[in-house]
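Here's the structure we're looking at; comments come further down.
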Amino acid sequence: MVSSSVEIGHVTSITGSQVRGVLLHPQDAPQAEALSASAQIGSLVKLATSASVAFGLISGLSMPRPNYPLAATDLKMVEIELLGEALSTATGRVRFQRGVSIYPSLGSPILTAGPEDLAELYSKNGDSNVKIGVIRQEASLPAYIGTDEIFGKHFAMLGNSGTGKSCAITAILRAALSQHPKGHVVILDPHDEYSKAFGNAAEVITPDKLQLPYWLLNSEEIVKALCSQEEAAREQEVPILKEAIVAAKNEHPDNKNLYAKITVDTPVPYSLAAMLGKVKAAMGRLNRPEGAQPYLRIISRVESLQRDRRFAFMFSSVMGQDYMEHILGRILRIPVDGKPIAIIPLSGIPSEIVDVVVSLVCRLIFDFALWSDRAEAVPVLLICEEAHRYAPRDPAMGFAPTRRAISRMAKEGRKYGVGIGLVTQRPSEISEAILAQCNTLFAMRLSNEQDQAFVHHALPESALGLIKALPALRTQEAIVTGEGVNFPVIIRFADLADRIRPQSSLLRVSQGWHNDQAQDLVTRTVERWRNHGN
């Protein structure tokens, strides 16, 4: 490791936050080895100004007029994106800040950033921080993130499939919870990856253990679950259903002491049998039998859901009891009881209702924080995998209440102690307005041009030079920018032991096609299919 800064070139042009310069020829540089090693994409350099030291990242390298064959004297250019500066205070101490107020002059030397510079720039961010890996430019230096900034002000993890997003989330959460064991984290896990990663520290709420009674659903969610998908039929069914639900809620004995007026959105229990009774009674009052079709569709749909074991977690006959406190406590981990993480695997939930479940969970988390006494409120973090499915960029896609629930958390959550972590492999398909609320971005390898362009718009101006490194990042590496770090930086996440690595959804052909499988594999699969698929 180089012990001090080395001059590698000098400034030839300055445009806004971008500086261009000429690299020294190897024979002219004090240390040719340092010149070669330091002039790389993503390397940190510094430039002296009249009253400060500016810092920047190398974002481009070029040879405008190369000879053939190449000669040592060929002109080599460097492009630098300025990030911040170090200012001397009245006490003589150096203060680092983002942005540049004093620019270098033409001809100023370009210097490598020494280990002491890197250590100072990427030191601990505030009082509350955790180590999640190392700085790629200098592997001996730890990479820290600020927990208050990351979890309290939202973050996004972006990257292609296979780049290590799930492992990165695991590394971040394990590091944070090692210091804050009484945390409150909820993970929406579409592929059942995280159960293995946290072991006994997680409450895994599988569909057979999940309890989300139908009476917790608001009007939009219950309409999605019980009404027809065709618009014309749905418009006929909605008023019938809402009227029956309100009547059933008012008749439930647990609701007699409520002071507020009960609406279809009030989260109080009611009996499905009572609700169906109201529908049938209303149908019996019809003057014309041909008008009974919307009533019959509702009755048929409810009875079908009650018979289907896949929907037992929501539409079982025992769901009419009031145990909202138990449900919220289990999901939010209050009390923690040694398990600060609640994992909700979504793979076993029927596809036709998974959007409703995500909407409900998001809404419950936010509404609990909203109605909590501010003096007693507990910060909660929601990790939303495959976020582009639930908060799509196109408002016409997905389930609108789910999108609104996540949007509300993104816009207002920080005021009530609710943070979100959005994880996606397709950032160009996620709502730009929601992603813009994430104050810290982890950008892993992205090869799709649309995704790169989207991240380009999302990154702050000081980090735009790093966008060129996105396709070349290795697995476990990420560009980190925002309030969670002092300056934009490329980090390598900490390695995880096999026993705590998330379960990969990738089946290796080289292993799966190596040995023949016995017939009992088919037998076991059919048994699981029949027992849990219907």
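The values are calculated or read from the model by the stated rules, or taken from the named source; none is laboratory data. Nothing here was measured: the structure is a model prediction, and the numbers come from that model. For neighbour counting, all protein chains shown are included, and Cβ atoms are generated from backbone atoms with ideal geometry for every residue, glycine included. When the accessible area is computed, the model is the full protein with side chains, heavy atoms only, and any ligands, DNA or RNA have been set aside. Shrake-Rupley method; radii C 1.70, N 1.55, O 1.52, S 1.80 Å.
A few points about this structure:
- Share of pairwise Cα separations in the range 260-416, more than 20 Å, in percent: 63 percent
- The distance linking the range 279-297 with the range 312-354 is 35 Å (Cα centroid to Cα centroid, whole angstrom).
- Across the chain, the relative contact order, built from alpha-carbon pairs under 8 Å that are at least six residues apart, equals 20 percent.
- Inverse mean reciprocal Cα-Cα distance (Kirkwood Rh) of the range 252-292, Å: 12.3 Å
- Residue ranges 348-356, 100-108, 62-70 sort as 348-356, 100-108, 62-70 when ordered by packing (mean number of other C-beta atoms within 10 Å per residue, highest first).
- With every protein chain in place, the chain: carbon and sulfur % of accessible area (1.4 Å): 51 percent
- Note on A282 and A453: their simple-model spin labels are 4.8 nm apart, each label 7 Å out from Cα toward Cβ.
- Taking every Cα-Cα distance in the chain and sorting them into 20 Å bins starting at zero, the pair-distance distribution P(r) comes out as 19, 43, 26, 10, 1 percent.
- Helix-only CD estimate at 222 nm, as mean residue ellipticity for the chain, using -39500 (n - 2.57) per DSSP H run (n ≥ 4): -10000 deg cm²/dmol
- Measuring r between the beta carbons of E412 and A375 and using R0 = 25 Å, the FRET efficiency lands at 0.85.
- Rolling a 1.4 Å probe across the protein heavy atoms gives the chain an accessible surface of 49 Å² per residue.
- Close amide H partners of D74, meaning residues 5 or more places away or on another chain with modelled amide H under 5 Å apart, do not exist here.
- Histogrammed with a bin width of 5 Å, the alpha carbon distances of the range 94-223 distribute as 2, 7, 12, 15, 15, 14, 11, 8, 5, 4, 3, 2, 1, 1, 0 percent, first bin at zero.
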